[in-house]
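One structure is given here, and the rest of the page talks about it.
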Amino acid sequence: MEALKIRNASAMPAPTWSWLRMNAATLEVPEGLERVRAVTVEADSDLTETHASFEGALAALQERLDAARGNEDDGRACVRAATAEAESLEDLDTPALSAYQLRATREEVAGDVAAAFETGIGVDARSYLNFLAGGTVVLATEPGADEAACVRVAGEAGGAAAASVDVVAAEDSTLSLTVSLDGAGAAGLVGSELRVFAGARSHVDVCVYVTAEKGFTVLDDSGYVLDEGARVSVRHVVLGGGRTATGLAADLRGDTARMDVATSYLASGEEQRDFTYTIRHRGRRTVSDMDANGVLTGTAKKVLRGTIDLVHGCKGSEGSERETVLLASQGVDNKTVPTILCDEDDVAGNHGATIGHVRPEQLFYLGCRGLSPEAAEALFVTAKLEDAANGAPDAQVRANVERLAARVDPRFDADDRDETEEERA
């Protein structure tokens with residue numbers, strides 16, 4: 001395939017701090033890659049039977065929301081401005097809106113779940129990943145069922161492979177999904193496109209492990225819609241890949257829905273990490289929590305954009321985002337932008353970041369015990385890899401982590417790490 005550039009990917013919902021030059025990203029797909037099929041789906045046949053669809057689930061939710069919607073006039077000034085006729089805009093009580101405010105207000109007034117659906121990296125990346133996948137796998141649970149599935153993308157040198165997965169969790173059901181994005185060898189690309197509908201009171205757990213080697217570009221794009229009382233937990237573990245882009249967008253549409261996102265990452269050498277998380281609270285008393293923890297070494301670069309959007313009407317909701325970054329060497333480039341957008345009064349939004357270097361006295365302490373600065377840096381990297389190996393969801397993912405660890409640090413010894421309860425059994 002020819003070289004491809006996906007511009008304005010991973011864009012922030014509202015442009016902010018543009019001087020940082022990180023409101024969006026340009027993703028470059030290496031030239032000369034061959035489209036390959038390298039996807040394995042491990043799931044019970046009951047889960048893969050096509051008895052539901054993502055679009056159908058959104059349509060059913062839309063029907064219920066429309067039936068419950070009141071007919072009261074919304075007299076807010078922004079609504080008047082977004083819906084006013086051209087001649088009425090001369091009214092001094094009608095404010096001027098930015099392009100973002102106009103789009104957001106019209107989306108809110110329309111209340112169209114399908115039209116508002118988004119994924120973290122964006123529609124162009126979504127189209128490209130769907131093209132690579134060639135088809136979408138649908139994983140749909142029955143009401144009250146408890147299911148598990150695993151999707152593996154095993155990239156190869158010179159190839160571009162991706163999985164496209166739709167998850168439809170029926171009411172009161174539970175689903176655990178593992179996504180493994182791996183690639184060994186020279187230049188290549190792997191990716192996944194995930195759309196998740198979490199039905200009323202359902203529980204969905206998603207774990208994504210990225211263990212591709214440094215020659216690979218990795219695109220991990222996902223979008224979530226949560227119905228009333230749904231619980232979704234997402235874990236991103238990004239350890240490998242020369243350039244990775246991880247994007248997640250969530251629509252907490254139902255009342256009391258909850259979204260938890262935990263991210264662990266490592267970037268060494270000249271690797272680049274790009275994260276974009278957008279969680280929109282639309283239902284009442286919804287909760288979101290984003291927590292990221294990473295280590296940067298060498299001359300690695302990382303950008304994390306985290307946005308919590310407290311939309312008008314989400315009374316009683318609360319959103320939190322935190323990040324802890326260890327800069328293990330002086331040459332790294334870290335950008336962290338936590339953002340909270342708010343158009344409601346009875347809500348709470350919290351954000352914070354802890355970013356720090358290894359202090360000179362710490363290096364001196366380690367040096368007194370025979371560790372050079374380079375060895376100390378490798379120690380932090382190895383600790384992150386060991387933690388990922390110990391927390392791997394299955395043996396194959398664990399083996400991928402250990403293979404990557406051996407390349408990053410030849411001193412890494414898989415036999416020295418702590419055994420999991422499953423292995424001890």
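The values are calculated or read from the model by the stated rules, or taken from the named source; none is laboratory data. Just so we're clear, the structure is a prediction, and the values are computed from it rather than from any experiment. Backbone-built Cβ (ideal geometry, glycine too); neighbour counts: all protein chains shown. In case anyone asks, the SASA skips ligands and DNA or RNA and just uses the protein heavy atoms, side chains included. Shrake-Rupley method; radii C 1.70, N 1.55, O 1.52, S 1.80 Å.
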Output wanted: per-residue J couplings in Hz (rounded whole) for the stretch 61-66, from phi through Karplus 6.51 cos²θ - 1.76 cosθ + 1.60, θ = phi - 60°, x for Gly and Pro. 5, 4, 4, 5, 5, 5
Taking only the alpha carbons of the stretch 122-177, the radius of gyration and the largest Cα-Cα distance, Dmax, both in angstrom, are 14.0, 43
Once both label points are put 7 Å beyond Cα along the C-beta direction, the residue 99-residue 130 separation in nm becomes 2.4
What are the extents of the Cα atoms of the stretch 186-286 along their three principal axes, listed from largest to smallest and rounded to whole Å? 47, 18, 16
Using the Karplus equation 6.51 cos²θ - 1.76 cosθ + 1.60 (θ = phi - 60°), what ³J(HN,Hα) coupling, rounded to whole Hz, does each residue of the stretch 32-37 give in order, writing x for Gly and Pro? x, 6, 9, 5, 10, 9
Given a 1.4 angstrom probe, I'd like the percentage of the accessible area of the stretch 256-305 that is carbon and sulfur, rounded to a whole number. 43
For the stretch 1-138, the percent of accessible surface on carbon and sulfur atoms (probe 1.4 angstrom, ligands and nucleic acids excluded) is 49
Please give the peptides 115-127, 183-195, 30-42 ranked by average Cβ packing (other Cβ atoms within 10 Å per residue), highest first, as a rough proxy for protection. 183-195, 115-127, 30-42
Treating only Lys and Arg (+1) and Asp and Glu (-1) as charged, each at its beta carbon, one finds that the stretch 209-308 has a dipole about its Cα centre, in Debye to the nearest 20, of 240
Accessible area (Å², 1.4 Å probe, nearest 10) - residue 365: 130
From DSSP H assignment alone, runs of 4+ in the chain each adding -39500 (n - 2.57), the sum over residues rounded to the nearest 500 puts [θ] at 222 nm at -6500 deg cm²/dmol
Rounded to the nearest whole number, the Stokes-Einstein translational diffusion coefficient of the stretch 77-164 at 10 °C and 1.306 mPa s (Kirkwood radius, C-alpha pairs) in µm²/s is 90
Relative to 2.2 N^0.38 Å, what does the C-alpha radius of gyration of the stretch 269-413 come to as a ratio? Two decimals please. 1.30
With all protein chains present and a 1.4 Å probe, the order of 233, 18, 164 from largest accessible area down is 18, 233, 164
Given all pairs of different Cα atoms, what value in angstroms does the Kirkwood hydrodynamic radius of the chain take? 22.6
So what is the accessible area of the chain per residue, in Å², with the probe set to 1.4 Å? 45
Local electrostatic count, residue 17, Cβ distance below 15 Å [Lys/Arg +1, Asp/Glu -1]: +3
Compute the semi-axes of the equivalent ellipsoid of the stretch 269-345, taking the square root of 5 times each eigenvalue of the Cα gyration tensor, and list them largest first in whole Å. 32, 10, 8
With a 10 Å radius around each residue's Cβ, average the other Cβ atoms per peptide and rank 129-140, 316-327, highest first. 316-327, 129-140
Where the only charges are on Cβ atoms (+1 Lys, Arg; -1 Asp, Glu), what is the dipole of the chain about its Cα centre, to the nearest 20 debye? 1260
For the stretch 126-265, what percent of Cα pairs sit more than 25 Å apart? 25
Can you list the residues, at least 5 places off or on another chain, whose amide H is less than 5 Å from the amide H of residue 214, using H built in the peptide plane? 241
Taking Cα centroids, how far is the stretch 1-79 from the stretch 318-358 in Å? 23
Point-charge dipole on Cβ atoms (K/R +1, D/E -1) for the stretch 72-202, about Cα centre, debye to 20: 680
Residues with amide H under 5 Å from that of residue 347, placed H, sequence gap 5 or more: 316
Calc'd 3J(HN,Hα), the stretch 329-345, phi into Karplus 6.51 cos²θ - 1.76 cosθ + 1.60 (θ = phi - 60°), Hz, glycine/Pro = x, comes to 8, 6, x, 7, 10, 10, 10, 10, 10, x, 10, 10, 10, 9, 9, 8, 8
Taking H placed 1.01 Å from N in the peptide plane, check which residues at least 5 places from residue 158 or on another chain put their amide H under 5 Å from its amide H. 187, 188
For the stretch 182-203 and the stretch 219-293, distance of Cα centres in Å: 12
Select from 39, 56, 26 the residue farthest towards the positive end of the dipole of the chain; place +1 on Cβ of Lys and Arg, -1 on Cβ of Asp and Glu, and compute about the Cα centre. 26
